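S.K.: The structure under discussion is supplied below as structure tokens; questions concerning it will follow.
The values are calculated or read from the model by the stated rules, or taken from the named source; none is laboratory data. Just so it is clear, the structure is predicted and the values come from calculations on it, not from any experiment. Ideal geometry is used to build each Cβ from the backbone, glycine not excepted, and the neighbour counts take in all protein chains shown. Accessible surface areas use protein heavy atoms only, side chains included; no ligands, DNA or RNA. Shrake-Rupley method; radii C 1.70, N 1.55, O 1.52, S 1.80 Å.
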Amino acid sequence: MSRTALLVIDPQNDYFTNGSFPLWNADEALKEILNAIHAAKEQDAAVILVQHVAASESPLFAEGSEGVKLHQAILDAAPDAPIVTKTHADAFQETNLTQVLEELEVDRLVICGMMTQNCVTHTAISDAADPYQVSILPDACTTREQLLHLIALEAIKTKVTYTEIKYAFERV
């Protein structure tokens, strides 16, 4: 029997209204991420949160700033989820993500979050993701603009699968 983990990448305050770098469709993506978290929990899938933290002088995700914080709705929906802190686009690079996945006995990754063309895709096609069956929830991802979101998804479609939330956490 396989175990799935929902990997929620960078739903941080800087990406929302009044943040340093608001994204296209961020509120709708947040709703879809919350739906995914609830679906994952209903199917006993693991939920793992990823948070990008930059130097305190950075204009985005500055350590200690309000913008670096994960959106409160995400924290409320997954209060016990482990949080992997990263400094690179790839959530595996120089983090404990592989260790967390091994401890949770995960072999399937469902990825969502922000930004589609950067952290989402870099994590999905990371060499470190090779041992896992990887899928992305396109409706639960976003970036600066819709066209960039669609281009990024098109660019990696031969490397990962795309799924809808209702199918993402079915037990196999």
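S.K.: Return the residues of region 133-162 that are of a type in the set (Ser, Thr, Tyr) and either part of a helix (DSSP H, G or I) or open to solvent by 30 Å² or more (accessible area, probe 1.4 Å) (or both); say none if nothing qualifies. Before you say what the answer is, go through the steps one by one.
M.R.: Quick first cut of region 133-162, residues of a type in the set (Ser, Thr, Tyr) only: 135, 142-143, 158, 161-162.
Thr158, Thr161, Tyr162 - these are the residues of region 133-162 that are of a type in the set (Ser, Thr, Tyr) and either part of a helix (DSSP H, G or I) or open to solvent by 30 Å² or more (accessible area, probe 1.4 Å) (or both).
S.K.: Scan region 27-51 for residues that are open to solvent by 20 Å² or more (accessible area, probe 1.4 Å) and part of a loop (DSSP other than H, G, I, E, B) and jot them down.
M.R.: Gln43, Asp44
S.K.: Which one of Ala62, Ala54 is modelled with pLDDT of 95 or more, under 15 Å from Met115 (Cβ atoms) and either open to solvent by 10 Å² or more (accessible area, probe 1.4 Å) or small (Gly, Ala, Ser) (or both)? Step through it out loud before you land on a result.
M.R.: Working: Ala62 fails: under 15 Å from Met115 (Cβ atoms).
None of the other options fit; the residue is Ala54.
S.K.: Scan region 107-130 for residues that are in contact with a Ser or Thr (Cβ under 9 Å, 6 or more places away or on another chain) and either in a loop (DSSP other than H, G, I, E, B) or within 19 Å of Ala46 (Cβ to Cβ) (or both) and report the count.
M.R.: Pass one, region 107-130, residues in contact with a Ser or Thr (Cβ under 9 Å, 6 or more places away or on another chain): 107-111, 113-118, 120, 124, 128-129.
Subsequent filtering for residues that are either in a loop (DSSP other than H, G, I, E, B) or within 19 Å of Ala46 (Cβ to Cβ) (or both) retains 107-111, 113, 115, 120, 124, 128-129.
Adding up the residues that qualify gives 11.
S.K.: Can you work out which of the residues in region 86-106 that are outside any helix (DSSP H, G or I) and open to solvent by 60 Å² or more (accessible area, probe 1.4 Å) is nearest to Val53 (Cα to Cα)? Please lay out each step first, then the result.
M.R.: Step one: list which residues in region 86-106 are outside any helix (DSSP H, G or I), which gives 86-96, 104-106.
Now narrow it down to the ones that are open to solvent by 60 Å² or more (accessible area, probe 1.4 Å): 87, 93-94, 96, 105.
Working: Thr87: 6, Gln93: 13, Glu94: 13, Asn96: 14, Glu105: 26 Å.
Checked region 86-106; the qualifying residue nearest to Val53 (Cα to Cα) is Thr87.
S.K.: Considering only region 109-124, how many residues are out of contact with any Pro (no Cβ under 9 Å at 6 or more places or on another chain) and open to solvent by less than 80 Å² (accessible area, probe 1.4 Å)?
M.R.: Residues meeting the conditions: 11.
S.K.: Tell me, yes or no, whether region 8-26 has at least one residue that is of a type in the set (D, E, K, R), part of a loop (DSSP other than H, G, I, E, B) and closer than 21 Å to Pro138 by Cα.
M.R.: Filtering region 8-26 down to residues of a type in the set (D, E, K, R) leaves 10, 14.
Filter again for part of a loop (DSSP other than H, G, I, E, B), leaving 10.
This time we only want the ones that are closer than 21 Å to Pro138 by Cα, so: 10.
Yes, the conditions are met somewhere in region 8-26.
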